[in-house]
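Scroll down for the structure; my scribbles are underneath it.
No lab work stands behind these numbers, since they all come straight from the coordinates. Since the structure is predicted, the reported quantities are computational estimates derived from the model, not experimental observations. Every residue, glycine among them, receives a Cβ derived from its backbone with ideal geometry; neighbour counts consider all protein chains shown.
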Amino acid sequence: MPCFCCFSRHSIFAPSLHNSYASATFPGLHDVLIDAVNNGTQSTWTLVKEELSNTIVAIEWAAQFLSTEV
């Protein structure tokens, strides 16, 4: 199953695959973490590592952007 992050462009706040009523913070990471805990396969934990890396990069880019002077 592809992760929801492939369908949403928002990294920080977006709908979750596992909760259709509420949104999730860091939805890509949230959804693959739930899948990894429930499934426990190596491939789902690899997706967790990829999503964590993507989230870290997004936060670092935002921090660099916010720290620059205009």
(message) Under 5 Å between amide hydrogens, which residues at least 5 positions from residue 24 or on another chain qualify, with H placed 1.01 Å from N in the peptide plane?
(response) 14, 16
(request) Kindly state, to the nearest 0.05, the FRET efficiency for residue 22 paired with residue 62, given R0 = 22 Å and r defined as their beta-carbon distance. (result) 0.40
